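Colleague: Sharing a structure here in structure tokens format.
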Amino acid sequence: MSHRSTLAALANMKLIIPRSSPPLVFSVLAASLVTACVDADSEDPGAVDDPDATGEVTQAACTVTGTNISRSLAVTSPEVLAKFSFARTMSAIRTTAAVGTVQTNKSIFQTWFKTFGATTASGDCNDPNIDPNDYGLQCPRTPELKLASIDPFSSTSGVSFKPIGLFNRFDLAPSNGANCGEYRIVYAMQSTNPNISGRGFIIFEAALPNPRTDLGKAGCLPVARFWQNLTSDADVLSRAAKLERFYYTGGAVTGFPAVVRAAHYGLANGSTAAFKAGQIRTNFFVDFVEWHLREYKLRRTCTDPTDATTCRLRVDHVTVKNNPAEELFAGTHAKSATFRTSFLNSVGSLARASVNTLGMSTGNDFNEFESVSQRLDVNYATTANTDMRSAITAKLSALGSTLTATNILDRATTQTCAGCHQVSNNASLGGGLVWPSSLVFVQIDETSALSPALTTKFLPHRKAVLERFINNSCSTTPARVADDLAGDAVDDELTIGGSPVGAAN
């Protein structure tokens with residue numbers, strides 16, 4: 001029996017599986033899709049009923065509804081967050097990177113924040129590999145550079161990072177099942193240090209591998225069930241223990257590793273190796289100078305690859321995804337014409353009818369190394385030249401859209417970090433769309449309060465995606481189960497939530 005046939009068979013509420021079926025059937029069944037049709041309150045998302053005397057496997061109703069956002073999508077309970085210290089996350093990353101013991105959490109952190117400075121050291125903001133296209137980068141950033149001299153793991157430094165939220169981004173799983181989405185931890189800076197004021201946030205955005213990529217996105221079903229099952233657990237300490245296992249110790253979902261591992265934050269193993277999925281992002285406003293967002297991925301280098309004591313871990317400054325330079329829209333950069341052709345491929349997805357499904361995908365060569373929320377850099381409707389506007393207008397006409405070039409440019413701004421966090425707040429986007437508001441530069445603040453954008457638009461959409469994914473796995477239409485677990489056709493360039501793979505938001 002093929003995988004497709006197996007998936008189709010699992011659509012039925014009652015499966016007849018002959019005892020003589022090939023091992024593949026039982027392997028696929030146990031590993032993934034039967035988990036779709038167990039009771040939503042089950043402690044074990046992989047449990048199935050025993051076959052009866054006739055060889056039948058019966059399953060309980062498996063559809064879900066009423067997902068509790070604060071339990072299953074955006075977790076801010078103090079009892080849960082108490083298990084997610086900054087030191088624990090950094091220690092888990094360092095340990096799983098397999099580096100020499102001489103490298104400590106403090107040394108990794110301080111080397112990381114030296115990237116805000118301009119010296120001859122590799123990786124600093126004036127490194128020739130940083131902003132090679134000369135799109136413009138504030139370098140150095142003296143306020144943030146001061147963090148390179150503090151020890152946030154010491155109670156005497158006056159600066160610490162407090163966990164303020166966990167975010168389930170199952171909606172970011174690629175629709176081809178390349179991974180099972182991102183699972184985020186957000187930390188907020190707290191300072192009593194007289195030399196460091198302002199605000200600052202660090203977001204660890206782990207991409208969780210799919211151990212059954214042969215099943216595509218169906219292999220991610222146990223993870224979806226795990227998060228949705230938290231809704232029915234009324235005991236906050238029980239939920240805290242489950243999330244602790246999911247993020248740190250493993251075993252929360254059979255077959256899946258713990259989230260917080262170096263490999264899940266884009267780790268490149270070698271000085272020239274390519275980065276992988278997952279990242280760490282910062283949103284800083286130290287000394288209240290200028291809000292800006294940056295992105296980082298991990299890199300491990302070894303003098304002797306066979307000896308872990310010679311290995312070191314770096315937090316490398318990389319481009320901020322989907323943040324194209326304004327010079328490209330203005331036509332003043334050598335890459336402007338190439339970018340214009342590329343950007344037109346995103347006009348259709350930017351013309352969609354919901355803020356949740358707007359999308360823009362820009363090549364990494366067009367992205368900046370910093371997204372600033374207090375400048376006009378990402379206000380593309382202001383910077384775009386006549387050639388860009390004419391090309392967009394022609395594309396809209398071909399699509400039969402009544403939107404204008406200005407609408408598309410404003411929508412492109414929403415897809416950038418700075419746009420989503422501040423620049424696009426309450427912006428009219430045409431077609432009746434208005435971009436929802438942040439909490440002034442942040443989507444979650446130091447008190448764990450969530451922005452209107454999250455509570456009114458983004459979280460309800462993520463809830464719908466999660467429930468639809470699970471419920472479509474229980475469809476009575478075999479082809480739908482086999483081909484279309486998320487309710488959307490498989491598209492290697494889109495997530496199951498409808499956004500471009502690798503988008504910033």
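The values are calculated or read from the model by the stated rules, or taken from the named source; none is laboratory data. Every value quoted in this text rests on a predicted model; they were computed, and no experiment measured them. Here the Cβ positions follow ideal geometry from the backbone for every residue, glycine too, while neighbour counts run over all protein chains shown. Protein only, heavy atoms only, side chains kept; ligands, DNA and RNA dropped before computing areas. Shrake-Rupley method; radii C 1.70, N 1.55, O 1.52, S 1.80 Å.
Colleague: Relative contact order (percent) for segment 111-194, with alpha-carbon contacts under 8 angstrom and 6 or more residues of separation?
Modeller: On the way: 116 pairs, mean separation 18.4, N = 84.
Once divided by the residue count of segment 111-194, the mean separation gives 22 percent.
Colleague: Turning to a different aspect of this structure: What fraction of the Cα pairs in segment 151-255, stated in percent, has a spacing above 18 angstrom? Intermediate results must be reported in sequence, preceding the final value.
Modeller: Values: 3141 of 5460 pairs.
Tail of the P(r) past 18 Å holds 58 percent of the pairs.
Colleague: Taking only the Cα atoms of segment 275-400, how large is their convex hull per residue, in Å³? Can you show the working numbers first?
Modeller: Numbers: hull volume 20.1 nm³, N = 126.
Convex hull of Cα atoms, per residue: 159 Å³.
Colleague: Calculate the tail of P(r) for segment 218-267: the fraction of all Cα-Cα distances greater than 16 Å, expressed in %. Could you put the intermediate results ahead of the total?
Modeller: On the way: 524 of 1225 pairs.
That tail contains 43 percent of the Cα-Cα pairs.
Colleague: Quick check: pseudo-label points 7 Å beyond the Cα along Cα→Cβ at E446 and T272, how many nm apart are they?
Modeller: 4.6 nm
Colleague: State the Kirkwood hydrodynamic radius of segment 343-441 in Å, one decimal place, computed from all pairs of distinct Cα atoms.
Modeller: On the way: mean 1/r = 0.0734 Å⁻¹.
Roughly 13.6 Å, rounded to one decimal.
Colleague: Counting Lys +1, Arg +1, Asp -1, Glu -1, what net charge surrounds I203 among other residues with beta carbon under 9 Å of its beta carbon?
Modeller: On the way: positive: R184, R281; negative: E205.
Once all neighbours under 9 Å are counted, the net charge is +1.
Colleague: Which value in nm describes the separation of the simple spin-label points at T402 and K162, placed 7 Å from the Cα toward the beta carbon?
Modeller: The modelled label-to-label distance comes out at 4.9 nm.
Colleague: Between L237 and T120, what is the FRET efficiency for a Förster distance of 41 Å, r being their Cβ-Cβ separation, to the nearest 0.05?
Modeller: Details: r = 51 Å, r/R0 = 1.24.
Calculated transfer efficiency: 0.20.
Colleague: OK, next. How big is the Cα convex hull of segment 69-153 in projection, averaged over all directions, in nm²?
Modeller: Details: hull surface 34.0 nm².
The Cα convex hull of segment 69-153, projected and averaged over all directions, gives 8.5 nm².
Colleague: Next question, about the same structure. Net charge near N407, counting Lys/Arg +1 and Asp/Glu -1 over other residues with Cβ under 13 Å of its Cβ?
Modeller: Details: positive: R352, R389, K395, R411; negative: D410.
For residues surrounding N407, the net value is +3.
Colleague: Can you work out the accessible area per residue across segment 219-320, with the rest of the protein chains kept in place, probe 1.4 Å, in square angstrom?
Modeller: Details: 3550 Å² over 102 residues.
On a per-residue basis, 35 Å².
Colleague: Checking the table K83/K463; K83/K114; K146/K242; K395/K463; K162/K276; K335/K395 against a 30 Å threshold on Cα-Cα, which pairs fail?
Modeller: Numbers: K83/K463 25 Å; K83/K114 28 Å; K146/K242 37 Å; K395/K463 33 Å; K162/K276 27 Å; K335/K395 20 Å.
Check vs 30 Å cut-off fails for K146/K242; K395/K463.
Colleague: Compute the separation of the alpha-carbon centres of segment 147-205 and segment 334-402 and state it in Å as a whole number.
Modeller: 30 Å
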